[in-house]
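The values are calculated or read from the model by the stated rules, or taken from the named source; none is laboratory data. Everything quoted here is computed from the prediction, not taken from an experiment. Positions of Cβ are generated from backbone atoms using ideal geometry, with glycine treated the same way; all protein chains shown enter the neighbour counts. The protein model used for the area step is the full one, side chains on, heavy atoms only, and it has no ligands, DNA or RNA in it. Shrake-Rupley method; radii C 1.70, N 1.55, O 1.52, S 1.80 Å.
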Amino acid sequence: MQVYVNGQFVSAADASVSVFDHGFLYGDGVFEGIRVYDGTIFRLRQHLERLYQSAQCLMLTIPMTPEAMGDAIVETVRRRALPSQYIRVVVSRGAGDLGLDPRLCPTPSVIIIADTIALYPAPFYTDGLALVTVATRRSPSWVLDPRIKSLNYLNNIMAKIEAQQAGAVEAVMLNAEGYVAECTADNLFVMRQGRLATPCVAAGALQGVTRDSVLEIAAQVGLETDETFLTRYDLYTAEECFMTGTGAEIVPVVRIDGRQIGAGTPGPVTARLRAAFVDLCRADGVQVGLQPV
Ligand code: PMP
């Protein structure tokens, strides 16, 4: 593992932040999860854009330019010196006192962790997985906009716990109005009447980097796409369904709330998009020269 903490590269054992950091005390901060495939940092620019936009919403001034952040990420990946990596970038409000006031935190903390990721078990990719709708709703934008990728994941964690209590691995989260938003750490797609549909960000979906990639691939292969409002009816009657995310990539979904989706096995469009996504992952990003230092 390789860790960058506020400008210094340190070992995992020495990597630490203050107990007064408001990221720790209040979940006050932002983060990104980024993949490296064959030495290529997949869509680094898009991840940086989302990181800085999330920080902008929180009035959190990241103490380095996006270019300098990009360089620090590249250097962390280079030092880790493995072709396949998972990068976690965290910018927190920094250390303050025990009150909420962000103005009392003069210096945000910047942490970059280069590690590896455990994907979902292989059978989920070959056989598909089952989802359940949970009672915990995705927070509306007037509570905390789900487009902000913040360190506050309790909403998602509560939904994940609910899914696990119901014997499922993953949850479908609805928004306050009952429209489908997303899963706890992944976006959701369905094939309906020959079109590929995914909840729009206004319905409470994060604008996932993988989601955007899949929408682009779909357009390239001539598949019509909709970013729209979906209800559970649209999920239950879908021909195919899958989840997308940086860690999960593209995972077929074959059962939702006990209803079989399509043929009950991963569908052909899902497989086609997955194959194209695997190619894109190695083609679209920042190449890192991986000689161990
Ligand atoms: N939704 C949520 C809530 C997430 O946390 C994530 C990423 N971890 C996603 C969707 C998928 O986004 P991406 O494809 O950028 O990883």
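What does the net charge come to around I87 if you take all other residues with beta carbon closer than 10 Å to its beta carbon, with K and R at +1 and D and E at -1?
My count for the surroundings of I87 gives +1.
Could you sort V190, V169 by their accessible area in this structure, using a 1.4 Å probe and putting the largest first?
Sorted by accessible area, descending: V169, V190.
Using DSSP to call loops (not H, G, I, E or B), can you name the GluC sites (Glu not before Pro) in the stretch 136-232 whose Cβ has at most 12 other Cβ atoms within 10 angstrom?
Passing both the DSSP loop test and the Cβ count: E177, E224.
Could you provide, to the nearest whole Å², the per residue accessible area of the stretch 2-117 with probe 1.4 Å?
With the other protein chains kept in place, the stretch 2-117 gives 46 Å² per residue.
Quick check on the chain: of the DSSP beta bridges with both residues there, what percent are antiparallel, nearest 5%?
Restricted to the chain, the bridges split so that about 80 percent are antiparallel.
Among P66, P83, P123, determine the one that fluctuates most according to a GNM of the chain built with springs between C-alpha atoms less than 10 Å apart.
P123
Suppose a student asked you for the relative contact order of the stretch 122-281, using Cα pairs under 8 Å spaced at least 6 residues apart; what percent would you report?
Result for the stretch 122-281 is 25 percent.
Per the helix-only calculation at 222 nm, which mean residue ellipticity applies to the chain, given -39500 (n - 2.57) for every DSSP H run of n ≥ 4 and division by its residues, nearest 500 deg cm²/dmol?
So the calculated ellipticity at 222 nm is -8500 deg cm²/dmol.
Determine ³J(HN,Hα), in whole Hz, for all residues of the stretch 8-18 in sequence, where each value follows from phi through the Karplus function 6.51 cos²θ - 1.76 cosθ + 1.60 and θ = phi - 60°; x replaces Gly and Pro.
Calculated HN-Hα couplings, in order: 10, 8, 10, 6, 4, 5, 8, 6, 8, 10, 5 Hz.
Quick one: net charge of L60's neighbours, Cβ under 9 Å, K/R +1, D/E -1?
Computed value for this residue: 0.
Where Lys and Arg each count +1 and Asp and Glu each count -1, what net charge lies around T116 among other residues with Cβ under 11 Å from its Cβ?
+1
Report in % the part of the accessible area of the chain that belongs to carbon and sulfur, leaving out ligands and nucleic acids; probe 1.4 Å.
55
At what distance in angstrom do the alpha carbon centres of the stretch 75-150 and the stretch 185-227 lie from each other?
Cα centres, the stretch 75-150 to the stretch 185-227: 21 Å.
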